[in-house]
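Everything below concerns the one structure shown next.
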Amino acid sequence: MDLKITFIILMPLLGVVLCSKDPEKPNIVIMFADDLGYGDLQAYGHPTSHTPNLNNLAKNGLLFTQFYVSSPVCSPSRASLLTGRYQTRSGIWPGVFEPDVVGGLPLNETTVAEILHPRGYHTAIVGKWHLGVGKDNMYLPPNQGFDEYYGIPYSHDMCPCEICFYPNETCLNDCKDDFTSCPVFDGLNIVEQPADLVTLHEKYVNRSVHIIADNAARGQPFFLYYAFQHTHHPKYAGKQFRNSTIRGPFGDALAELDDGVGRVMKQLEDSGVLENTLVLFTSDNGPSLRWENIGGNAGLLKCGKGTTYEGGQRVPAIASWKGRITPGRTVELTSALDILPTICSIVGVPLPSVTMDGVDISSVLFNGGKSPRESFFYYPTTVRPEYGIYAVRYKQYKAHYYTQGSANSDENNHDKDCRPSTKRAAHDPPLLYDLHQDPSEQYDLSNDTNYASIIDQINQVKAKFEETMVFGDSQMANHSPYVEPCCNGPCDPFPECCKCTQSEKKDIHLRFIP
Ligand code: MG
């Protein structure tokens, strides 16, 4: 064959090969667990969890010991991961999105996907969105910078639930029967309603693996945000993982999650992109202790989900990039807020021109260096502007200005501070803990005069931060059954009529909106 013709034929192929290794456009995979506590993984000390794949990720990656999410509940934590901004700025307060909430993540917020898409990335989310559905699906991922979406758009307890374990075991927790059955979206279309929890994991993994294989084969850089429904309640597991662990239902759900991590990592390796992919695994908030034996575990941290104690907001986190991130562990102060600015730094994109709360933690990831983050601010589930921040972390110290128990942290909890009956209490001076010496927040230092200057400094840090805080209008305020996803709508009797198998799916995906 003529050399010139050969060259012309091979050029696109060469281009593909070169592009897939483009060091300036590494692939980015974020795996985000739900309600997985600081003490739930083997790598963080749990004695009976079975997480071989997360163990491998930790062994080959950087394990964070002081990594925080911006809220002790789902929606606000997810908003800040995707925007680098506290949820209060974007209006994701108070609480979480239920299926009938009219609002969502405002479309003028810039998500990680909206940063990467114009840079030539294929952007995909598999799993739990939980940043609103809205009228005509206006807040779903395809309208927030994602090329591809497959998943349930909120928690899988926000719908009636019946079967949770293979082959047909019932669910162990209450679900919300007043809403439509949980839908599985593919793009803006509902492809399954109700979602079959027993096979959901396989579908999520298969889609995630396909995204990696397909884009790697095409030399297309990709951003995969794999947001697990696991280990939120109700616990569920398919054939391979039901009764697979000695930890019970939570252990089975976690083992299934771990399988997803393993298959994603294997596909990255099989596709030859492991050395050009940043992988981050973390959780959206602490463990839901209200479920007691079948809930998660915060390890040595105080309380759990729903509270501004450490158990609510300090979460497991592991970063991996073969050949770039030196395996080990770090005690540096870091947050999910830092993900967007760090990605911007890695791909060489300017930050969005808005108030940014995250910082670039590349120095921690790649150089074993110090984190530029010195402070972190804890907003409660029930955010109210008149109360503002509940607690401030400054260097190794944490000051609690308010404390409050949570329904997510169990009325029977051995620690009464966690219980829902423990009402909001103000503290002046704030309770003060040295988290390097006392990560369990047991020994209050606020009355020790040696720490008076530390409290003064924290007061100043808090006041300075609050000067910058402009609360976005709450997106949670309005409810309407007309925004609930329904594959079959408009139909009666609502919401029971919203059921379709994949073969029955129709072009109408929402009830008529007056
Ligand atoms: Mg959660």
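The values are calculated or read from the model by the stated rules, or taken from the named source; none is laboratory data. Here the structure is a predicted model, which means the values were calculated and not measured. Cβ sites come from the backbone with ideal geometry, for glycine too, and all protein chains shown count toward neighbours. When the accessible area is computed, the model is the full protein with side chains, heavy atoms only, and any ligands, DNA or RNA have been set aside. Shrake-Rupley method; radii C 1.70, N 1.55, O 1.52, S 1.80 Å.
For segment 306-318, the Karplus equation 6.51 cos²θ - 1.76 cosθ + 1.60, evaluated at θ = phi - 60°, returns couplings of x, 10, 9, 6, 4, x, x, 10, 8, 10, x, 8, 9 Hz by residue, with Gly and Pro reported as x.
Given R0 = 41 Å, the distance between the Cβ atoms of E496 and T449 translates into a calculated FRET efficiency of 0.05. Please give every one of the lysines within straight-line cross-link reach of K499, meaning a C-alpha to C-alpha distance under 18 Å, and leave out same-chain neighbours fewer than 8 residues apart. Hits, sequence-local ones excluded: K176.
Annotation: aspartates and glutamates with alpha-carbon distance below 16 angstrom to K398 (same-chain offsets under eight excluded): E310, E332, E374, D428, D434, D438, E441, D444, D448, D456. Beyond 32 Å in Cα-Cα separation lie the following of the pairs K239/K416; K235/K370; K59/K203: K239/K416; K235/K370.
Let me check I've understood the local charge: for G91, count other residues with C-beta under 13 angstrom from its C-beta, Lys and Arg +1, Asp and Glu -1. What total comes out? Write down the numbers at each step before the final one.
Numbers: positive: R85, R89; negative: E109, D473.
For residues surrounding G91, the net value is 0.
Overall size of the chain from C-alpha positions, given as principal axis extents largest first: 85, 61, 47 Å.
Ranking Y379, A425, P439 by how far each Cα lies toward the positive end of the dipole of segment 378-468 (charges on Cβ) leaves Y379 at the top.
For the chain, report the accessible area per residue in Å² (1.4 Å probe, heavy atoms, rounded to an integer). Please list the in-between numbers first.
Values: 19880 Å² over 514 residues.
With the other protein chains kept in place, the chain gives 39 Å² per residue.
Quick one: length gained pulling L107 to N367 fully straight, 0.36 nm per residue minus the C-alpha distance?
Values: separation 260, 0.36 × 260 = 93.60 nm, distance 3.54 nm.
The L107-N367 span can extend by a further 90.1 nm.
For segment 378-468, the alpha-carbon radius of gyration amounts to 1.11 times the rule-of-thumb value 2.2 N^0.38 Å expected for a compact globular protein.
Model label sites at K464 and D177, defined 7 Å from Cα along the beta-carbon direction, differ in position by 5.4 nm. Diffusion of segment 34-79 by Stokes-Einstein, at 10 °C in a medium of 1.306 mPa s and with Rh set to the Kirkwood radius over alpha-carbon pairs, works out to 133 µm²/s.
Computed over segment 206-272, the P(r) curve from all C-alpha pair distances, binned at 10 Å from the origin, holds 21, 42, 25, 11, 0 percent per bin.
Solvent-accessible area of segment 253-397 (1.4 angstrom probe, protein heavy atoms only): carbon and sulfur portion equals 48 percent. Taking every Cα-Cα distance in segment 56-123 and sorting them into 10 Å bins starting at zero, the pair-distance distribution P(r) comes out as 18, 36, 33, 12, 1 percent.
Within 10 Å of each candidate Cβ there may be at most 14 other Cβ atoms; applying that plus a DSSP loop requirement, which trypsin sites (Lys or Arg not before Pro) in segment 398-467 survive?
Details: sites: K398, K416, K423, R424, K462, K464; in loops: K423, R424.
Answer in residue order: K423, R424.
Taking 17 Å as the straight-line reach from the Cα of K25, the lysines in range (excluding those fewer than 8 positions away in the same chain) are K322. Charge tally around P249: other residues with Cβ under 12 Å, Lys/Arg +1 each, Asp/Glu -1 each, net -1.
Mind ranking 438-447, 245-254 by how tightly packed they are, going by the mean number of other C-beta atoms within 10 angstrom, highest first?
Values: 438-447: 15.3, 245-254: 22.9.
Ranking, from highest mean packing down: 245-254, 438-447.
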